[in-house]
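J.: Quick one: structure below, then a few questions.
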Amino acid sequence: MAHTWSEGVTEVAGGKIHFLTSGAGAPVLVLHRDVGNPGWLPFYEQLAQHYTVYVPSHPGFDKSDRPEWMRNVRDLAVLYQWLLKDMKLRPLSIVGLGFGGWIAAEMATMDHHQLRKLVLVSAMGMKPTRGEILDQFLLYTTDYIRTGFHDPSHMDALYGKEPEVDQLVAWEINREMTTRIAWKPYMFNAAFPTLLKSVDTPTLLVWGKEDRITPVNCGERYMQALPHAELATLNACGHFVEVEKANELTQLVVEFLGK
Amino acid sequence: MHLMYFTEQPMSAYPQEEGEKFGYTALLFPNTFFDRQAASRLYNERLEEYVYAEECGVDGIMLNEHHNAPFCMQAKVNVFASLLAGMTKRVKIVLLGNPLPISDNPVRLAEELAMIDLISKGRLVSGFVRGGGVESLATNANPAFNRERFNEAHDLIIKTWTQPGPFRWEGEHYQLRVVNPWVLPLQQPHPRVWIPGVVSRETIIWAAEHGYPYIILNAPIQECQKIWQLYDETAAGVGFTAGPEHRGYLIRCHVAETEEKAVENAKQFMWMQGEFTGLTHPLWASPAGYLGAWARKPLAEFRVGRRKQSMPPFEKQLQSMALIAGTPKQVIEKLRVIVEETRPSILALWGNDGNVSHHDSMSCIRLLGQEVMPAIREIGDKLGLNSPFEANSAVSLAHMQKGESTAVAAL
């Protein structure tokens, strides 16, 4: 079946990074979650009606080469700065989903002048004021992902009721890379409440009100730290906002980027 | 032969129905079920048993360590090793071993082990292990770097023991401004290092590459032959011929005055294999990155519950000699087969587990030490199964290459 998007490969720091891309107009980088990129999602397609969308698989995730030397999420953020420089995509806007939101926030603290706008969707990276970020390392992958959905039928629709072995292995590879760079402290940068104050980039924070992986109070804390941030919360929505509320998220993002 | 007594040191005093209800008895099984009074009693019973094992004639006492699980009470192998260093006179204190990757300061381990060696007057055998997945999770040591940390911690400890200080260590996982401990082991060039294992091919190769004896933990006889083949080939590749002094074997073996009693008590070996309460969660046993890429597919299937761990039932294990139970006479005949088939010079007999009473444990130790082990020693002598001590073998490949023949207590 013909599809609208294409697949590309680029090389950064001696390793190949695979990416999906489609659309036309100003560039928007979408950074995927810790479970990897599930493919070209309807959310990406809707966004590509307005922008040129790039969705790379993080180094060490999916089919992208593993940088053996990488030790933390900040290293990963630097590689993405490098990739954007090589691909001449800056300045641009970034949409970070979950773990990808953490990477995007790290990038913002490094060079916010190269960022037009920032969208953080149920982002990790900020230590919650109440509760904890759900620890995937204590859970079966499928249980972890299912917990991220308010309506589990959305997970079945995305991955199938019985995910294929290839998908299971891909999750395993992604979990290994997550272990390598986000094991401890788990899924947050303790310096964020201070460092993010330096970021001038207008930021949209989007959270599902039923997020059982990254507590909504992480979003509130992001809003306190970022000087130019607004927070939108969605009813009947879990952690995987881009799957459970693709239309609403697209509308919010397009409206925000177009301001 | 070198014949050792071992027990996993079960902390069996907890409500088993709670374990069954919870589904797992490791890592997250709440320690509100920990019975402090019983634990105090059990620790002291174990100590009494080890001292008695020496009196009964065992050559060595093997100790190990686990975390967050009632199947093993020994949360720090060096604690019991220290106690035994002072409380015993003759037995080797064989640690199999210190889990290196979960330590953030290997020099601290080198110091503790040196103290144990000095106090015991050179009776320490310092085995090293990677620790299970639960150990990584319980101590928050990154499982993806488990093997790298194992290798680096090992190199640092050996250097600490053998190279003059002070020196600086700027490694990948460990950085120490000053390495210069004011305590060094009595045995020179350093205490013997034995490596136990069962799952990982990489560990067998690593042990052979270093010239360290490899102790097979409870694997079936046919598996042992494959392991020795891999060990021998690796040894040949690095330039030495492996012999019985490089081979060890651990087997569950309960002895009692009557067969009936022995078999009844041996059922307690199933206690930690999940037959009673379930032991660990397959995910926690192998966190992501803990094993090599070969393990991804089976683990991925574990992760979603499509594969289950299955242990053969007790009767089948008894029949296949995966575990042994009986009177001394019966046990000797079975061990004869095992020793003839697997040819180890180091044999650890895991005598007691689960809820076996202190009284029956003591009786098992007496029969092992006074009746079983002397017979096995004779069999070993006839087969030429000389232990590293008897063979006076070099402590490692590095020291073989230097032409040094032995680790000698500097007495």
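J.: Kindly count the pairs of lysines across chain A whose alpha carbons are less than 18 Å apart, treating pairs on different chains or eight or more residues apart as eligible.
T.: Summing the qualifying lysine pairs gives 11.
J.: Would you kindly calculate the translational diffusion coefficient of segment A:6-258, applying Stokes-Einstein with the Kirkwood radius from alpha carbon pairs, for 20 °C and a viscosity of 1.002 mPa s, and quote it in µm² s⁻¹ without decimals? Each step should come with its number before you reach the end.
T.: Details: Rh = 17.8 Å.
It diffuses with D of about 120 µm²/s by this estimate.
J.: Could you please tell me the mean projected area of the C-alpha convex hull for segment B:1-101, averaged over all directions and given in square nanometres to one decimal?
T.: On the way: hull surface 29.7 nm².
Averaging across all directions leaves 7.4 nm² for the Cα convex hull.
J.: Let's test this: bin the Cα-Cα distances of segment A:1-40 at 5 Å from zero up to the farthest pair and state each bin's percent.
T.: Distribution as computed: 6, 16, 24, 28, 19, 7, 1 percent.
J.: Which is the longest stretch in chain B that no exposed loop site breaks, taking sites as GluC sites (Glu not before Pro) with a DSSP loop state and at most 16 other Cβ atoms within 10 Å?
T.: On the way: sites that count: B:E172, B:E257, B:E275, B:E404.
The answer is B:1-171.
J.: Could you state, as a whole-number percent, how many of the C-alpha pairs of segment B:204-276 are farther apart than 18 Å? The partial results should precede the final answer.
T.: Numbers: 1375 of 2628 pairs.
Percentage above 18 Å: 52.
J.: Let me ask something else about it. Return the calculated 222 nm mean residue ellipticity for the protein assembly as shown, to the nearest 500 deg cm²/dmol, obtained by summing -39500 (n - 2.57) across DSSP H runs with n ≥ 4 and dividing by the residue count. Walk me through the numbers before you get to the answer.
T.: Values: 27 runs with 270 residues, N = 670.
That calculation yields -12000 deg cm²/dmol at 222 nm.
J.: Mind listing the phi-derived Karplus ³J(HN,Hα) values for segment A:20-29, rounded to whole Hz, using 6.51, -1.76 and 1.60 with θ = phi - 60°, and x for any glycine or proline?
T.: 10, 8, 6, x, 8, x, 4, x, 10, 9
J.: Here's a follow-up. In whole Å, what are the extents of segment A:1-99 along the principal axes defined by its C-alpha atoms, from largest to smallest?
T.: 37, 29, 23
J.: Computed over the Cα atoms, what is the radius of gyration of segment A:110-259 divided by 2.2 N^0.38 Å, N being its residue count? Walk me through the intermediate numbers first.
T.: On the way: Rg = 16.0 Å, N = 150, 2.2 N^0.38 = 14.8 Å.
Scaled against compact globular proteins, the figure is 1.09.
J.: Roughly how compact is the protein assembly as shown, stated as its Cα Rg over 2.2 N^0.38 Å to two decimals? Please list the in-between numbers first.
T.: Values: Rg = 28.6 Å, N = 670, 2.2 N^0.38 = 26.1 Å.
Dividing the Cα radius of gyration by 2.2 N^0.38 Å gives 1.10.
J.: Run the numbers on chain A and let me know its relative contact order in percent, using alpha-carbon pairs under 8 Å that are six or more apart.
T.: Values: 515 pairs, mean separation 53.0, N = 259.
Relative contact order comes out at 20 percent.
J.: Averaged over peptide B:287-299, how many Cβ atoms belonging to another chain are found within 10 Å of each residue's Cβ?
T.: For peptide B:287-299, the averaged partner shielding equals 4.
J.: Exceeding 28 Å between C-alpha atoms, which entries from my cross-link table qualify? They are B:K76/B:K334; B:K334/B:K382; B:K121/B:K226; B:K92/B:K159; B:K92/B:K261. Walk me through the numbers on the way to the answer.
T.: On the way: B:K76/B:K334 33 Å; B:K334/B:K382 17 Å; B:K121/B:K226 37 Å; B:K92/B:K159 23 Å; B:K92/B:K261 30 Å.
With Cα atoms farther than 28 Å apart: B:K76/B:K334; B:K121/B:K226; B:K92/B:K261.
J.: Kindly point out which whole DSSP H helices in chain B project their C-alpha atoms 18 angstrom or further along the helix axis while averaging a Kyte-Doolittle hydropathy of -1.0 or above. Let's see the in-between values first.
T.: On the way: long enough: B:36-55 (29 Å, -1.27); B:106-119 (20 Å, 0.96); B:146-162 (24 Å, -1.09); B:221-238 (26 Å, -0.28); B:328-342 (20 Å, -0.21).
Span-like helices, by this rule, are B:106-119, B:221-238, B:328-342.
J.: Here is a further query. Distance between the C-alpha centers of segment A:219-249 and segment A:145-213? Whole Å please.
T.: 13
Laboratory data are not the source of any read-out in this text; all were calculated from the coordinates shown. Just so it is clear, the model here is predicted, and its values are computed rather than measured. We place every Cβ from the backbone using ideal geometry, glycine too, and count neighbours over all the protein chains shown.
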